[in-house]
1. Does segment 60-108 hold any residues that are open to solvent by less than 60 Å² (accessible area, probe 1.4 Å), in a helix (DSSP H, G or I) and at pLDDT below 90, and which are they?
2. Quick one: how many residues across segment 22-59 are part of a helix (DSSP H, G or I), open to solvent by 40 Å² or more (accessible area, probe 1.4 Å) and either in contact with a Ser or Thr (Cβ under 9 Å, 6 or more places away or on another chain) or over 12 Å from ILE89 (Cα atoms) (or both)?
3. Residue by residue through segment 18-69, note down the ones that are of a type in the set (Val, Ile, Thr) and more than 16 Å from ILE85 (Cβ to Cβ).
Amino acid sequence: MPRIYKPLPGQPQEAAKALIVFNANTLRAAVIRDLAQHLDGDTTGNIAKRIGVDYRQVYAHIKTLEAEGLVYAAGEVGVRNGQRIHYSIDLGRLRECGLAYMSYLSGE
């Protein structure tokens, strides 16, 4: 998957610089941020529209984040409710991951 270094719409310059410093994927960061701003959750299609990319790109990042326990799908595991699946973010888990990364970088 290619890395995207250009800021996405609405991304503050300081955030764009931090993403470059940490060699972070700006699209994944945009997906995480969008979910954090929409705590009721949403579909990959709606997330994609808001950040201006194809829903398949969002879905790929959602699946990775879901596998790491940061994102979860609404409803019972393995049971679909119609064609649209709403995904939400676990902000507590996001903070844990961020703190663990910062601790590592700080040499702790």
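1. GLY98
2. Of the residues in segment 22-59, 8 are part of a helix (DSSP H, G or I), open to solvent by 40 Å² or more (accessible area, probe 1.4 Å) and either in contact with a Ser or Thr (Cβ under 9 Å, 6 or more places away or on another chain) or over 12 Å from ILE89 (Cα atoms) (or both).
3. Passing the criteria: ILE20, VAL21, THR26, ILE32, ILE51, VAL53.
The values are calculated or read from the model by the stated rules, or taken from the named source; none is laboratory data. The model shown is predicted, which means the values in this text are computed figures rather than measured ones. Methodologically, a virtual Cβ is constructed for each residue, glycine included, from the backbone with ideal geometry; neighbour enumeration extends over all protein chains shown. Heavy atoms of the whole protein, side chains included, go into the accessibility calculation; ligands, DNA and RNA do not. Shrake-Rupley method; radii C 1.70, N 1.55, O 1.52, S 1.80 Å.
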